[in-house]
Amino acid sequence: MADLFPAAESPLEDWTDLGRDLGLRLLVKRDDLLPFPLPGNKYRKLLAEWRARRWCRGDVLVSTGGVDSNHCRTLAWFGARLGCEVHLVLHGDATKVDPNSIAVRMLGDLGATCEIVPSAEVADRLKTFEDLARERTDRVWVVPGGAHTAAGVSAFHRAARDLLSGCEVDVVVVASGTGATQAGIILGAHDVGRVDVQGISVARSAARGAEAVRECLGWFDAEDLPVNFDDRFVDGGYARCTEATRSAVTMGWRHGLPLDTTYTGKAFNGLRHLLAAGEIPQRSRVLFWHTGGLGNYLAEST
Ligand SMILES: *Cc1c(COP(=O)(O)O)cnc(C)c1O
């Protein structure tokens, strides 16, 4: 039977050539190839959230993120597919956002309504919109920014357990933002044993990021598991970068691996440095969990 949404299945690929250049055995989990071009790890998270909540036609979905948020565009896509109304409270400077940018146009084309407000006003605006929507319908869902939910963590837990139980890996390297993806992978790696998980921060400090990952683990009574959340490759902050990240992105693309400077390029730069510093031993079997980011790459270039 045909499914409304395809299962969150993505290829595991052997990147021998790129790995040889780096001095390791490299596998890549291609979550950038999950259905609907562009969502990356947000497809896995939001599919799990949809299965838990069963949003349906006529429901109102409300959420928040940056203008170029993969979570927001993926939620807008779920809304378009399901016939839900989607309203997004985007944090940013409305005077600086180009209404013709790919990110903004895509949200509009998917039928979402958006408002752009300073970060400090996001919570109030979400509440105001939610209250108004509740006067029309009971079926209003406020989806946490970044799809930072227990269902999302569980989805990565299952995916990581299934994947790691079928291949020989010493360490998983992943771009980490809110930490839900990393937490899920830590849970899956723990089930299998002997696999380290190295989260590379895309923005947060090590203290704040690790705390967020531990919070996710706590939802599953697993807050004692080790958390590596490395903030040495943040490279200027969220959606900023220097030549360090850019050269990692170029190295990926030269081998045919599409990276971006907001997420996966930082993780890849981190991987290169951890290897060079011997923190990941040469010839380790590394699984690079590619979380997506092609939309960010496209936005960067316009
Ligand atoms: C959201 C996102 C991440 C971070 O995922 P978290 O679960 O928030 O840590 C990593 N890579 C890409 C491409 C993303 O869109």
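The values are calculated or read from the model by the stated rules, or taken from the named source; none is laboratory data. Here the structure is a predicted model, which is why all the values come from computation and not from measurement. No Cβ is skipped: glycine too gets one built from the backbone with ideal geometry, and neighbour counts run over all protein chains shown. Quick note on the areas: whole protein, heavy atoms, side chains included, nothing else; ligands and nucleic acids left out. Shrake-Rupley method; radii C 1.70, N 1.55, O 1.52, S 1.80 Å.
List of remarks:
- Sorting the segments 212-219, 131-138, 165-172, 145-152 by their residues' average number of neighbouring beta-carbon atoms within 10 angstrom, most packed first, yields 145-152, 212-219, 165-172, 131-138.
- Summarising the strand pairing of the chain, around 10 percent of its internal DSSP beta bridges are antiparallel.
- Cβ charges +1 (Lys, Arg) and -1 (Asp, Glu), total dipole of the chain, debye: 340 debye
- Summing Lys and Arg as +1 and Asp and Glu as -1 over all other residues whose Cβ lies under 14 Å from the Cβ of THR261 gives a net charge of -2.
- Relative pair counts by distance (%), Cα atoms of the stretch 94-155, 10 Å bins: 16, 38, 39, 7
- Charge sum, other residues only, whose C-beta stays under 13 Å from LEU75's C-beta, Lys/Arg counted +1 and Asp/Glu -1: +2
- Cβ charges +1 (Lys, Arg) and -1 (Asp, Glu), total dipole of the stretch 138-274, debye: 480 debye
- Per-selection metrics, the stretch 114-273 (Cα): Rg and Dmax in Å: 17.9, 54
- Once C-alpha pairs closer than 8 Å and six or more residues apart are averaged by separation and normalised to the residue number of the chain, the relative contact order reads 21 percent.
- The base-10 log of I(q)/I(0) for the stretch 204-302, evaluated at q = 0.13, 0.17 Å⁻¹, reads -0.53, -0.86 [Debye formula, identical scatterers on Cα atoms, solvent excluded].
- Taking 7 Å steps out from each Cα toward its Cβ at ARG20 and GLN282 produces label points 1.6 nm apart.
- Rounded percent of accessible protein surface that carbon and sulfur make up, the stretch 1-85, 1.4 Å probe: 50 percent
- Each peptide among 11-17, 41-47 gets the average number of other Cβ atoms lying within 10 Å of its residues, and from highest to lowest they stand as 41-47, 11-17.
- Kirkwood Rh and Cα Rg combined as Rg over Rh, evaluated for the stretch 9-110: 1.09
- The calculated 222 nm mean residue ellipticity attributable to helices in the chain amounts to -13000 deg cm²/dmol, summing -39500 (n - 2.57) over DSSP H runs of n ≥ 4 and dividing by all residues.
- Those residues of the stretch 173-191 whose amide nitrogen sits under 17 Å from the label point placed on GLU223, 7 Å along Cα→Cβ: 179-180, 183-184, 187
- One quarter of the convex hull surface built on the alpha carbon atoms of the chain amounts to 15.7 nm², the projected area averaged over directions.
- Debye-sum result for the stretch 116-199 in log10 I(q)/I(0), which assumes one identical scatterer on each alpha carbon, at q = 0.17, 0.26 Å⁻¹: -0.73, -1.18
- Between ARG134 and GLU211, the FRET efficiency from the beta-carbon distance, with R0 = 41 Å, is close to 0.80.
- Heavy-atom accessible surface of the stretch 137-264: percent carbon and sulfur, 1.4 Å: 47 percent
- The stretch 63-114-the stretch 235-267 distance, computed between alpha-carbon centres (Å): 24 Å
- Residues of the stretch 67-109 with an amide N closer than 16 Å to a point placed 7 Å from the Cα of LEU4 along the Cα-to-Cβ direction: 75-86.
- Å² of accessible area per residue within the chain, as computed with a 1.4 Å probe and no ligands counted: 44 Å²
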